[in-house]
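The values are calculated or read from the model by the stated rules, or taken from the named source; none is laboratory data. The structure presented is a predicted model; accordingly, all values stated were derived computationally and were not measured. Neighbour counts are summed over all protein chains in view; Cβ atoms, including those assigned to glycine, are modelled from backbone coordinates with ideal geometry. These area figures cover heavy atoms from the full protein model, side chains too; ligands, DNA and RNA do not enter into them. Shrake-Rupley method; radii C 1.70, N 1.55, O 1.52, S 1.80 Å.
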Amino acid sequence: MIDFLLQAFWAPLTETYFQKALIGGCIVAVVAGMVGCLVVLRRMAFLGDALSHAMIAGVAGGYLVMKLLFGLEAHAPGMLLGSLLAAVVTVALIGFVSRISRVKEDTAIGIMYTGIFALGVVLVSIFRHYIHIDLMHFIMGDILGVADTDLWTSAIVAPLVITILILFFRHFQLTTFDPVMAASIGLPVLLLDYVLTTCVSLVVVSAVSMVGVILVVGLLITPAATAYLLSDRLDRMMALAALFGVTSVVGGLYLCVWLDSAGGGAIMLFCTLQFLVVLTVAPRYGLLARWLRLRRLVPQQVVEDVLTTILRQEEATPLSVIRLHVPQHASLTRALRQMAQDNLIQESEQGYRLTEPGQKEAAKILRAHRLWETYLESIGSPQDSLHTTAHQLEHVRADGTVDYLDEKLGNPKLDPHGKQIPPPQKNNNQS
């Protein structure tokens, strides 16, 4: 068993290609996860996709410039500069179109990035004798074939972007959550937006040649979204996103080796599975937590039915009597326990009694019921259906509905059965 584990986990670490993939992937994952938190919180997920696709035009331009002007083949600085220029032009065009037309920003992103991506594809096809780009490699990446230049590029870009995030953390935080306040205290919101977009562009440009379009977008969005399920603080969210990005790369690379599959696809699959696990078990925002909250939730209708039942009995009411009038037996026990905690009822040997707050709340419900009966009679509803229909409508008490009925009916004192309608509750607070 130990030999098997050593072979499975240690053997890949002895391979140079695996070491380069691990180092390069982790560098990209850390910086992409941190920047991705701001992308997710600002709902800019589509922008990362746009920049990564638009880069092909920049890469093609970089190839052409280096080949035609300097007689050189693929050159990393030239491609990096061309890709960054394409990203900046894409962002500028998106902002221009969204500002001067009725087209919204998300639509402008879709238009511009597909247009610039198409331009890159056309350039590659027209100048195919000068440009040697494998489009499948560009889209899917080849993380198991990381070149030294890719590692150096990522090693330079990552510290630069992380330094910017640290230095301007408070500024980014304020412009992300409250841009109006940020502008009111004099922060250059538009400039900060461009700085953030430049950071995203640098991350995308430095990582695409290594991990491909699909994976760089995934590493921007998925680890940040995973961290978002676990934290309400931006600094902790960034740290968790970086951690989830690294675990995605490590787990995905091992998965790739074990299954003999594509590296980028395995990393993204592991990253997505990681998100689904956290989505299920997150203590506050997970599916299990939500299910438990819903299970513990006491329906308001059950609470109100219990209150009116005890009020009508005018004495301690046994549980057996409450069960006769409240059909939701499954949630009745929880409702009684919650009502006792909220000081609406008190339990004794004879049964349940209303407290003073409980009596006031029950009187409001009873008042609503009898006003609805009176209103239903006034519009000609059959006598035998008044109680049943009013029982359903008595829970509709929002936005002054009951006071409106009372005024419309002329402030009646008795319901159709001759029973007194409770008066409205007076507000004891003095102004």
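Hey, could you get me the Stokes-Einstein D for segment 197-312, Kirkwood radius over alpha-carbon pairs, 4 °C and 1.567 mPa s, rounded to whole µm² s⁻¹?
Details: Rh = 16.7 Å.
In µm²/s, the coefficient is 78.
When the accessible area of the chain is computed with all protein chains present and a 1.4 Å probe, what percentage of it is carbon and sulfur?
Details: 14550 of 23390 Å².
Carbon-and-sulfur percentage of accessible area, whole number: 62.
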Most fluctuating of I365, I221, I164 in the GNM of the chain (C-alpha, under 10 Å) is I365
What residues qualify as long-range amide H neighbours of Y352, i.e. H under 5 Å apart, gap of 5 or more or another chain, H built at 1.01 Å from N? T317
Using a Gaussian network for the chain with springs between C-alpha atoms less than 10 Å apart, which of these wobbles most: M268, M210, M181? M181
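What is the extension gain from V189 to R43, computed as 0.36 nm multiplied by their sequence separation minus the C-alpha to C-alpha distance, in nm to one decimal? Walk me through the numbers on the way to the answer.
Numbers: separation 146, 0.36 × 146 = 52.56 nm, distance 1.62 nm.
Using 0.36 nm per residue and subtracting the Cα-Cα distance, I get 50.9 nm.
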Give me log10 I(q)/I(0) at q = 0.06, 0.08, 0.13 Å⁻¹ for the chain, Debye formula, one equal scatterer per alpha-carbon, no solvent. -0.47, -0.67, -1.04
Segment 291-431: C-alpha gyration tensor shape, a/c 1.5 cut-off, then a/b vs b/c: prolate
Please build a GNM for the chain, connecting alpha carbons under 10 Å apart, and tell me which residue among I185, I27, I214 fluctuates the most. I185
Accessible-area value, H387, 1.4 Å probe, nucleic acids and ligands omitted, Å²: 100
Taking a probe of 1.4 Å and leaving out DNA, RNA and ligands, segment 247-402 shows per residue an accessible area in Å² of 56
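If you average the sequence gap of Cα pairs under 8 Å that are 6 or more apart and divide by the length of the chain, what percent do you get for the contact order? Let's see the in-between values first.
Numbers: 564 pairs, mean separation 68.5, N = 431.
Normalised by residue count, the contact order of the chain is 16 percent.
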Could you pull out every whole DSSP H run in the chain that spans at least 18 Å of Cα extent along its own axis and averages 1.0 or higher on the Kyte-Doolittle scale? 16-41, 45-70, 76-100, 105-126, 148-167, 189-228, 234-259, 263-281
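As an exercise, identify the GluC sites (Glu not before Pro) in segment 302-369 lying in DSSP coil whose Cβ has no more than 15 other Cβ atoms within 10 Å.
E314, E315, E349
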